[in-house]
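Below you'll find the structure, written out as structure tokens, and then a few comments.
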Amino acid sequence: MTSSSLQTSEYAPYYKPYIEALGEVELRSGFQDGIEFSVAFFTTIPIHKHEFRYAEGKWTIKDILQHLIDAERIFAYRALRIARNDTTPLPGFEENDYVETAHANRRSVNDLLEEFVIVRKGTMSLFSTFTDEQLSRMGIASDNPVSVRAIGFIILGHQKHHEKIIKERYL
């Protein structure tokens, strides 16, 4: 299953840049590639940049990494509920509140990366259990229709989005 197989009706319009940023990617291998790329990417960032903010009120690189972890957990939870045919509409979340209370800057980048890898492996394991029917299943999250497979690609695109921001504004 590739990102180009998604229909725009499977995700909210604000996720379109995430999906487009992926190019042509296969879902399950994209998860593994994302681990390898992120570990390599974050470990090459100079330590003095880990807590840098490019403007007042903006997140640090550690905050971004924690945000990727938290968001992936939330997206994976949504995918699980929708795949299991739970039709309850799922609420959104306020990412800034999560970042503010996570205290990522008290942790090392290596510790955050270890958690990222653990979470990603859990996501990979979860998605490996979904049948094609479950991957195509639609639900409601943040007041918008979304498919399970779109959630997987959103996770991958979200990661690429933040890595691009780091390259452009932090390094």
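The values are calculated or read from the model by the stated rules, or taken from the named source; none is laboratory data. These numbers come from a predicted model, not from an experiment. Cβ placement follows ideal geometry from the backbone for every residue including glycine, while neighbour counts extend to all protein chains displayed. When the accessible area is computed, the model is the full protein with side chains, heavy atoms only, and any ligands, DNA or RNA have been set aside. Shrake-Rupley method; radii C 1.70, N 1.55, O 1.52, S 1.80 Å.
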In the stretch 83-171, which chymotrypsin sites (Phe, Trp or Tyr not before Pro) fall in coil by DSSP and have 15 or fewer other Cβ atoms within 10 Å? F93
Counting only protein chains, not ligands or nucleic acids, how are H161, H48 ordered by accessible area (probe 1.4 Å), most first? H48, H161
Report, in debye and to the nearest 20, how large the dipole of the stretch 29-86 comes out about its Cα centre when Lys and Arg carry +1 and Asp and Glu carry -1 on their Cβ. 140
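How large is the accessible surface per residue of the stretch 119-161, computed with a 1.4 Å probe and reported in Å² as a whole number? Show your work: numbers first, answer last.
Numbers: 1640 Å² over 43 residues.
That works out to 38 Å² for each residue.
Could you list the GluC sites (Glu not before Pro) in the stretch 42-80 that lie in coil according to DSSP, counting only those with at most 15 other Cβ atoms within 10 Å of their Cβ?
E51, E56
Kindly state, to the nearest 0.05, the FRET efficiency for R28 paired with I118, given R0 = 22 Å and r defined as their beta-carbon distance. Don't skip to the answer; put the middle values down first.
Values: r = 18 Å, r/R0 = 0.81.
With a Förster radius of 22 Å, E is 0.80.
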Using alpha-carbon coordinates, inclination of helix 61-83 to the longest axis of the chain, degrees: 10
Using alpha carbon centroids, what distance separates the stretch 13-83 and the stretch 156-170, in Å? 7
With N residues in the stretch 28-139, Rg(alpha-carbon) / (2.2 N^0.38 Å) equals 1.20
Whose amide H sits under 5 Å from the amide H of A141, counting only residues 5 or more places off or on another chain, with H placed in the peptide plane? L90, V146
Hand me the GluC sites (Glu not before Pro) from the stretch 87-171 located in a DSSP loop with no more than 14 other Cβ atoms within 10 Å, in residue order please. E94
On a straight-distance basis, which lysines could pair with K62 in a cross-link, Cα separation under 25 angstrom, same-chain partners fewer than 8 positions away excluded? K49, K121, K160, K164, K167
So for the stretch 107-171, Kirkwood radius off the Cα pairs, Stokes-Einstein at 37 °C and 0.692 mPa s: how many µm² s⁻¹? 238
